Amino acid sequence: MTERDGNVGAESGDLAAAAKLRDAYARLRGELGKVIVGQDDVIEQLLAAMFAGGHCILEGVPGLAKTLMVSSLARCLSLSFNRIQFTPDLMPSDITGTEVITEDKATGQREFRFLPGPVFANVILADEINRTPPKTQAAMLEAMQEHQVTVGGETHRLAAPFFVLATQNPIEQEGTYPLPEAQQDRFMFKVYIDYPSYDEEYEIATRTTAVMDQDLEAVLGAEEIIELQGVVRKVPAAPAIVKYALELVRRTRPNEATAPDFVRKHVSWGAGPRAVQFLILGAKARAALRGAYHVSTADIRALAGPVLRHRVVTNFAAQAEGYSADRLIVDLLAEVEPHAGGLLDDDRVNKAIDA
C-alpha cells in the first residue's frame, strides 16, 4: 500500500490489519464449511457487504440454507443475532420496540420505559421481508441507514456493527408486498442463491442425515470487525478504477448520452449515485478479503450484478421479451471495457490493474 492515493499508508499497522482480514476470511470460510456446503460466492458477497458496512437482500427458493447461513455467520463472528419473521400482521413496534408504563412499587410513581425490539442485535435476519406491509417494512429504514430507531420522540442507538440480511422467496408472490425501489436502494447487494451442484447436493444429503457436529469457533468479535471495516475503506482504488465503476453505473440510465441502445430500449430508471459508492466499497472489501492491496477491475465486474440488479428498473418491453436486469448487466459488462487512457498501452499496467 502506498501514499499516492491518499487512502492508506505503508505503516506496518495497516499491513498487519490487512493480513488479519485475509486470514480471518480464510478461517471464516473454513468454519462455515462445517455446516454450509458450497455457496462460496454467496459467502464472499455477504462478508464483503458486512466488512464494507452494508446490508444484503438474499433471494432464493426455500431449503437453500439461507437462515442457517446467516445464523452460522453470526456465531462465527461472535455477534448477537435475531431473526424476525415478517408476516402480514407484523407491526413496526414489533421490530423497533415500544414504550410501556412501569410503576415503582416503593413510591407508586409511574414512568415510561423503553423495551427494545428484536432489531437491537448485531446481525438481523429479516426473513421474507416482502410478506409484511410497507408500513412495517419502513420501520427498518431508519435502523439500516442511521443505525438508530426513534420511539416516542426519543432516539435509541443500535450496537455496532449492525448488519441486516433480508430474505425473499421468488416463487410465491401472492399476498406479498414488493420492496419499493427507495428501500431496495438501502441494501448494498442483492444476492441470488441458486440450487447446489450434483456433488454439493450429495454432500448435503450425506451430512444432514447423519450425526452432525456443528460446533463453530468464533473467529472475530465486534470490536475487531469495526476495526477491519476501517481497514477496508483504506484500500486504494485508482482513478481509472473509479471511472470504470462510474461509467458502468451511468450507462444504466436511459437518458444518459453514453447509454447503449439496449438500455434505452429496456430500462425505465437506471441506478443512482449510491450504486457507485457501493460498487467501489464492495470492491475494496472483496480485494481485502482476497489479500490484495488495491482494487482491480475484476473486483468491480464481480460485484456489478449484486450491486446493480435491484437498482435497474426494466420496462414493459423488457418484461415482455424476458430481458432481465441480470442479462442487461451482462451485456453492459461486455459493452463497457476497462480503460485508463493511454496507460493501457503498457502491458505492465494491464497486469497490475487486472491482477
Query raised in the report: Using Cα pairs under 8 angstrom and six or more residues apart, how large is the relative contact order of the chain, in percent?
Result: 21
Requested in this report: With all distinct Cα pairs included, what does the Kirkwood hydrodynamic radius of region 161-263 come out to in Å, to one decimal, could you say?
Outcome: 19.5
Query raised in the report: Where in region 140-159 does the amide nitrogen come within less than 17 Å of the point 7 Å from the Cα of PHE112, taken along Cα to Cβ?
Result: 149-157
Query raised in the report: If amide H atoms are built 1.01 Å from N in the plane of the peptide, which residues on other chains or at least 5 residues away come under 5 Å of the amide H of THR167?
Result: LEU58, ALA126, ASP127, GLU128, ILE129
Query raised in the report: Taking +1 at the Cβ of each Lys and Arg and -1 at the Cβ of each Asp and Glu, which of ALA285, VAL263, VAL242 sits farthest along the dipole of region 235-355 towards its positive end, judged by Cα position relative to the Cα centre?
Result: ALA285
Query raised in the report: Once Lys and Arg get +1 and Asp and Glu get -1 on their Cβ, which of VAL70, VAL119, GLY153 lies farthest toward the positive end of the dipole of the chain?
Result: GLY153
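Given an 8 Å cut-off on Cα distances and at least 6 residues of separation, report the relative contact order of region 131-276 as a percent.
17
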**Report entry** Mean-position separation - Cα centroids, region 67-127 and region 285-310, in angstrom
**Finding:** 33
Query raised in the report: Taking the chain as a Gaussian network, where each spring joins two C-alpha atoms under 10 Å apart, which residue of ILE300, ILE225, ILE171 fluctuates the most?
Result: ILE171
Query raised in the report: Of the residues ALA275, ALA325, ALA283, which exhibits the maximal mean-square fluctuation in a Gaussian network model of the chain defined by a 10 Å Cα contact cut-off?
Result: ALA325
Report task. Compute the distance in nm between two label points, each set 7 Å from the Cα along the Cα-to-Cβ direction, one at TYR293 and one at GLU181. Result -> 4.3
Requested in this report: Anything over 32 Å Cα to Cα? Flag those among LYS243/LYS265; LYS135/LYS243; LYS66/LYS135; LYS66/LYS284, in the order listed.
Outcome: LYS135/LYS243
Report summary line: Taking the chain and counting helices only, DSSP H stretches of n ≥ 4 at -39,500 (n - 2.57) each over all residues, the nearest-500 ellipticity at 222 nm comes to -13000 deg cm²/dmol
Requested in this report: Quick one: dipole size for region 96-143, taken about the Cα centre, charges +1 on Lys/Arg Cβ and -1 on Asp/Glu Cβ, in debye to the nearest 20.
Outcome: 80
Query raised in the report: Nearest 20 debye, what's the magnitude of the dipole of region 235-355 about its Cα centre given +1 on Lys and Arg Cβ and -1 on Asp and Glu Cβ?
Result: 480
Requested in this report: Pull up all non-local amide H partners of VAL151: gap of 5 or more, or a different chain, and H-to-H distance under 5 Å with H placed in the peptide plane.
Outcome: HIS156
Query raised in the report: What FRET efficiency comes out for the pair THR208/ASP326, r = Cβ-Cβ distance, R0 = 22 Å, nearest 0.05?
Result: 0.15
Query raised in the report: Under a point-charge model restricted to the Cβ atoms of Lys and Arg (+1) and Asp and Glu (-1), what is the dipole moment magnitude of the chain relative to its Cα centre, in debye to the nearest 20?
Result: 580
Report task. Could you quote the convex hull projected area for region 235-355, Cα atoms only and averaged over all directions, in nm²? Result -> 7.4
Report task. Could you list the square roots of 5 times each eigenvalue of the Cα gyration tensor of the chain, that is, the equivalent ellipsoid semi-axes, sorted largest first and rounded to whole Å? Result -> 35, 26, 23
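Taken together, the values in this text are just the output of simple stated rules run on the coordinates, not laboratory data. Small disclaimer: the values here were computed from a predicted structure and weren't measured. Cβ: placed from backbone, ideal geometry, glycine included. Neighbour counts: every protein chain shown.
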